[in-house]
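Here's the structure we're looking at; comments come further down.
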Amino acid sequence: MSKILLFVFTFIFTNVVFAQNFSMDFNPEMVIKYRKDFMTAVKGHNNDIKAIVYGAVPFDNHLNIHLSSLEQMFAEIESLFPEGSDFGETNAKNAVWENPEKFKKAIADARQALVTFQQAVARGDKAKTKAAFKKFGRSSCGSCHKSFKKKQN
Amino acid sequence: MNYLYKLILVISILPAVSPAQTLIDQGRYIAQLANCYSCHTDIENEGKPLAGGRAMETQFGIFYPPNITPDKETGIGNWTEHQFAKAVRSGLAPDGSHYYPTFPYSAYKNISDADIKALTAYMFSLKPVKQMNNNHNLSWFVSRWVLPIWKMLNTDQGSNKSDKDRGAYIVDTLGHCNECHTPRNSLGILQMEQKFSGNEDLSAPDISSESLKDWSKEELIDLFSDGALPSGDYVSDHMAEVVEYSTSTWKPADLKAAIRYLQKQKTN
């Protein structure tokens with residue numbers, strides 16, 4: 001009996017924990033800090049991919065960790081720029097909010113560039129993978145920053 | 001007979017490129033080195049190439065670089081070659097008035113005659129685009145009559161080594177890198193004694209040889225070809241445009257010459 005009670009109790013309790021909503025009131029400053037940290041993490045994965053495909057480190061087996069992380073993170077970029085997070089400590093250009101269709105296209109292009117790069121990785125030609133990495137950076141990070149990011153001051 | 005036959009054979013094998021076409025191709029490349037496209041195209045709104053209309057926000061107000069396609073009504077279709085050269089190298093309009101230095105003619109003044117000739121051939125080979133120019137929207141204290149004085153003060157730019165050093169010619173003259181990377185005083189005059197030490201108002205960093213000495217050649221190539229910075233970030237905004245429309249199109253030998261010049265130039 002007590003075991004059943006304990007089970008029920010635990011069940012309810014854990015459910016409460018999981019159902020808890022972590023988001024507090026919308027705080028634009030925190031959202032901006034979060035997305036910068038998010039982008040810094042994107043940079044980290046990208047740098048590690050570079051180190052691996054350039055043969056600078058012996059972690060070929062990590063390549064998929066970084067690639068699938070970028071894949072998941074690129075899918076979340078749009079949600080990082082909600083209305084009202086366009087002022088303060090941000091280097092995002094107003095165009096993100098003024099030209100949302102173009103911003104969505106930049107995200108779609110970046111995701112496509114990642115797919116193309118993953119295909120190059122899968123083919124396994126070292127020299128071509130290096131070239132594909134450069135092209136990936138230019139047509140994802142570079143292209144979006146050209147239209148949607150200011151230089152930090 | 002045999003000779004004639006061979007001649008015809010040789011001619012038919014030669015690529016069908018006329019000297020005029022070659023000149024136009026050379027001119028297109030000069031335009032890329034000088035990045036005319038970036039200012040004269042309303043890129044953000046997918047405007048027609050070189051047809052003007054882009055808003056350039058500056059501390060002096062908003063400039064709208066004009067339509068420079070050879071349209072007779074709204075572009076430069078009625079201009080002579082001489083008038084075009086004068087605009088680009090001296091900042092003078094056909095009616096004798098002075099252009100605002102947002103148009104970087106103070107860098108372009110050392111463009112060689114041969115390059116101006118090719119550039120002209122290219123510009124006038126373009127398809128005319130009918131698109132009216134916008135009037136600039138400038139602060140009250142900015143007007144054309146001060147420009148002759150301003151031009152007299154701002155004579156220092158454009159390397160006089162340009163005619164000997166290909167790298168200097170590309171960086172200082174065609175690439176007009178000083179326009180953003182060299183600081184200006186309150187009148188907007190470039191402070192050439194601090195060449196390439198950066199311009200805070202434009203967030204353009206120091207690119208003097210001193211500050212570039214830790215960059216490997218490979219890193220500089222990655223920057224100018226793909227916009228990649230050594231940190232793993234990618235350049236944004238203005239420099240990203242310079243990379244996309246200009247430096248990434250440079251021929252390898254030109255890129256090498258420019259990098260050599262950047263890394264060895266002397267600052268005081």
Debye sum, Cα scatterers, chain B, no solvent: what log₁₀ I/I(0) at q = 0.07 1/Å? -0.28
Proxy reagent accessibility, fewest Cβ within 10 Å first, across A:D25, B:D206, B:D115: A:D25, B:D206, B:D115
Taking the Cβ of A:I52 as the centre, find all other residues whose Cβ is under 13 Å away and add up their charges (Lys, Arg: +1; Asp, Glu: -1). +1
Please list, or write none, the aspartates and glutamates whose alpha carbon is within less than 19 Å of the alpha carbon of A:K36, excluding same-chain residues fewer than 8 places away. A:D48, A:E71, A:E76, A:E78, A:E83, A:D86, A:E89, B:D233, B:D237
Charge dipole (debye, nearest 20) of the protein assembly as shown; +1 at Cβ of Lys and Arg, -1 at Cβ of Asp and Glu: 1140
With +1 on each Lys and Arg Cβ and -1 on each Asp and Glu Cβ, and nothing else charged, work out how big the dipole of region B:127-268 is about its Cα centre, in Debye to the nearest 20. 760
According to the Cα gyration tensor, what semi-axes, each the square root of 5 times an eigenvalue, does the equivalent ellipsoid of region B:158-268 have, listed from largest to smallest in whole Å? 20, 17, 13
Straight-line reach only, C-alpha to C-alpha below 14 angstrom: list the aspartates and glutamates that B:K164 could link to, leaving out same-chain residues fewer than 8 apart. B:D172, B:D254
Shape metrics for region A:49-90, restricted to C-alpha atoms - Rg then Dmax, Å: 15.6, 44
In bins 10 Å wide, starting from 0, what share of all Cα pairs of region B:19-155 does each bin hold, as a percent? 12, 42, 37, 9, 1
Checking the table A:K43/A:K150; A:K104/A:K128; B:K109/B:K264 against a 19 Å threshold on Cα-Cα, which pairs fail? A:K104/A:K128; B:K109/B:K264
Computed on Cα atoms, the radius of gyration and Dmax of region A:27-148 in angstrom are 15.3, 46
How large is ³J(HN,Hα), in whole Hz, for each residue of region A:76-83 in order, when computed from phi with the Karplus curve 6.51 cos²θ - 1.76 cosθ + 1.60 and θ = phi - 60°, using x for Gly and Pro? 9, 4, 4, 5, 7, 10, x, 3
The size of the Cβ-based charge dipole (Lys, Arg +1; Asp, Glu -1) of chain B about the Cα centre, to the nearest 20 debye, is 1120
Mind checking which aspartates and glutamates have their C-alpha under 18 Å from B:K72, skipping anything on the same chain fewer than 8 residues away? B:E81, B:D95
Within chain B, which is the longest segment containing none of the chymotrypsin sites (Phe, Trp or Tyr not before Pro) that sit in a DSSP loop and have at most 11 other Cβ atoms within 10 Å? B:1-139
Can you work out the Karplus-derived ³J(HN,Hα) for every residue in region B:51-59? Use 6.51 cos²θ - 1.76 cosθ + 1.60 with θ = phi - 60°, whole Hz, and x for glycine or proline. 8, x, x, 6, 8, 10, 7, 9, 5
Find the Rg to Rh ratio for the protein assembly as shown, where Rh is the Kirkwood radius over alpha-carbon pairs and Rg uses the same atoms. 1.07
Could you please report the charge total around A:R111, scoring K, R as +1 and D, E as -1 over all other residues with beta-carbon less than 14 angstrom from its beta-carbon? -2
Over 21 Å between alpha carbons, listed pairs A:K105/B:K251; A:K126/B:K251; A:K146/B:K48: A:K105/B:K251; A:K126/B:K251
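Read the figures in this text as sums done on the coordinates, not as results from a lab. Predicted model only: the values in this text are computed from it and were never measured. Reconstructed Cβ throughout: ideal geometry from the backbone, glycine too, with neighbour counts over all protein chains shown.
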